[in-house]
Amino acid sequence: MNNAAPALLALLLVFALPMAAVASAETTDTSAETNLKTVAASDPITADNTTNRLSLDGEIRSEHTPVSPDFGTTLATRDVAMQTEYRTYRFEAEFENGTAEERGALVEAEHDWIRERIADLSERERTAVSAHANGTLSDDEFLHTLVLVSAEAAELETHLDTLDSHASIEEKPEEAALDMHQSPVRDRLAAFMSGERSSTRSADTVLIQTTDTGMAISMTGRIEYVSEVSQYSNRDTTAPNQFESFSSAHDHVTALYPWTFGEASTGFEALDLAESQLYGFTVPHEHGELTTYLDGGTGDIFYETQVLRQDQLPIEQYGETWTDGAVELAINRTPANGPIEVKTTEEETGEPVRATVLVDGTVVGETGQSGTLWVSPPQNDYEIAVQTAETTIHANVSAHPVGNER
């Protein structure tokens, strides 16, 4: 690493880019006005024969938006990486040449710096969520912020590991905080923006849902559905811890996700941070993997990620189909507002029909040769439209989960 440092420093001096700031109130997105609906607060939605899901509460802004290569975001994430790499190089050089007392002070200073950066990441993310919810931050700017926050969290986690390798430190709360700025759906977003991942579908879209107190982002692929939900109002570090032990916290989470922790589970990893009133669980199961964080003060789940294999989920056809006399539109839904399968067929023969699919007016993909497309549905009611060269069919869909209980 020492040999690479001069070149790295030169690159930093030449190519360093300023961090992108959250857009000011002057940046507006008028489409937000037509996509605001209010839903009630709840525990994770109860699902039959699959994992329960955390949902948002309050007035929700829902937007499907395409994800495409973004050179500016790619450069900014690389800049974050280079700056942190240089800081790690400088730390290691000073640590190697320092006295025992100097090394201790250096580790403590770096640890404090990481804590400050974590606080900044959390503030930037929550500011972006609030700004998107009220329409002052566009979809692209919002995703840009999330990807940059995720990239910096990953670099800080690597730097934290470097500190720990030189002097054992108590890092678990910081590790958990950084993990909650990273997720499978953000990894997929970053891969699309950098050009590392591409698709033959006509559009690759992410569903963004934001409120004043939380966010949910999700994407569907050919095989997997990935989602991340943060409900900030469910986190209260000032309230007394409701759980006397880790065992009682585990029992409570098991009650919130009984199927996931039951026979479907293949074991779980846990994080017990009672001093921070934080309990984390990662649970592989028959349909994918759940990661969830429980707040000791409120007794509620405030963060959740899901990775689900779509073809493994229970599926049920929506109560009606729509037709123009030649093409039929049908929707298959999965529990707890999970991904939906849009199907377009010839009404007489049942043969697949290729069609462009729109949700609330935004193109989300094509049904293709199979006549099917998986889509992330909003938490509120929405409109599906399918277009062929000859026709357009519109369908209004209720978001109330089918086959489930609230």
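The values are calculated or read from the model by the stated rules, or taken from the named source; none is laboratory data. Note that the structure is a prediction, hence the values are computed from the model and not measured. Virtual Cβ from ideal backbone geometry, glycine too; neighbours counted across all protein chains shown. The protein model used for the area step is the full one, side chains on, heavy atoms only, and it has no ligands, DNA or RNA in it. Shrake-Rupley method; radii C 1.70, N 1.55, O 1.52, S 1.80 Å.
Among the residues of region 229-250, those identified as open to solvent by 40 Å² or more (accessible area, probe 1.4 Å), outside any loop (DSSP other than H, G, I, E, B) and touching a Phe, Trp or Tyr at 6+ places or on another chain (Cβ under 9 Å) are S233, F246, H250. Please verify whether region 343-351 includes one or more residues that are in contact (Cβ under 8 Å) with a residue 12 or more places away in the chain, under 28 Å from the mean Cα position of the chain (by Cα) and within 27 Å of G288 (Cβ to Cβ). Checked against the condition, which is being in contact (Cβ under 8 Å) with a residue 12 or more places away in the chain, under 28 Å from the mean Cα position of the chain (by Cα) and within 27 Å of G288 (Cβ to Cβ), region 343-351 yields at least one hit. Quick one: which residue in A133, A176, A167, A191 is modelled with pLDDT of 95 or more, among the hydrophobic types (A, V, I, L, M, F, W, C) and out of contact with any His (no Cβ under 7 Å at 6 or more places or on another chain)? None of the others qualify; the one that does is A133. May I ask you to verify whether Y279 is at pLDDT 95 or above and of a type outside the set (V, I, T)? Judged against the criteria, Y279 is a match. Scoring L294 on the criteria (1) aliphatic (A, V, I, L, M); (2) under 23 Å from the mean Cα position of the chain (by Cα); (3) open to solvent by 10 Å² or more (accessible area, probe 1.4 Å) leaves a single failure, condition (3).
Pairs meeting the criteria (first residue in region 137-165 and among the polar types (S, T, N, Q), second residue modelled with pLDDT under 95 and in a helix (DSSP H, G or I), beta carbons under 6 Å, at least 6 apart or on different chains) are T162/T88. Just one of the numbered conditions (1) among the small types (G, A, S); (2) at pLDDT below 95; (3) closer than 24 Å to P378 by Cβ is not true of S227: (2).
When restricted to residues that are surrounded by fewer than 14 Cβ atoms within 10 Å (Cβ to Cβ) and within 20 Å of the chain's Cα centre (by Cα), region 65-103 contains 2. Looking across region 259-274 at every residue that is more than 11 Å from L290 (Cβ to Cβ) and in contact (Cβ under 8 Å) with a residue 60 or more places away in the chain, the one that is most open to solvent (accessible area, probe 1.4 Å) is identified as L271. Report whether or not R124 is more than 20 Å from F71 (Cα to Cα), open to solvent by 30 Å² or more (accessible area, probe 1.4 Å), among the charged types (D, E, K, R) and at pLDDT 95 or above. Yes: the conditions hold for R124.
Considering only region 290-304, I want to know if a residue exists there that is in a helix (DSSP H, G or I) and in contact (Cβ under 8 Å) with a residue 12 or more places away in the chain. Give the derivation first.
Here is the first cut: in region 290-304, the residues in a helix (DSSP H, G or I) are none.
The answer is no; no qualifying residue exists.
Condition test on G325, is it without any contact (Cβ under 8 Å) to a residue 24 or more places away in the chain, under 30 Å from T388 (Cβ atoms) and either touching a strand residue (DSSP E or B) at 6+ places or on another chain (Cβ under 8 Å) or open to solvent by 10 Å² or more (accessible area, probe 1.4 Å) (or both)? So G325 fits the description; yes.
Would you be able to say whether some residue in region 218-228 is closer than 20 Å to V185 by Cβ, within 14 Å of the chain's Cα centre (by Cα), touching a residue at least 40 places away in the same chain (Cβ under 8 Å) and open to solvent by 50 Å² or more (accessible area, probe 1.4 Å)? Looking for residues that are closer than 20 Å to V185 by Cβ, within 14 Å of the chain's Cα centre (by Cα), touching a residue at least 40 places away in the same chain (Cβ under 8 Å) and open to solvent by 50 Å² or more (accessible area, probe 1.4 Å), one finds at least one in region 218-228, hence yes.
The set of residues in region 352-391 that are in contact (Cβ under 8 Å) with a residue 60 or more places away in the chain and in a loop (DSSP other than H, G, I, E, B) comprises D360, G368, S376, P377, P378, Q379, N380, D381, T388, E390, T391.
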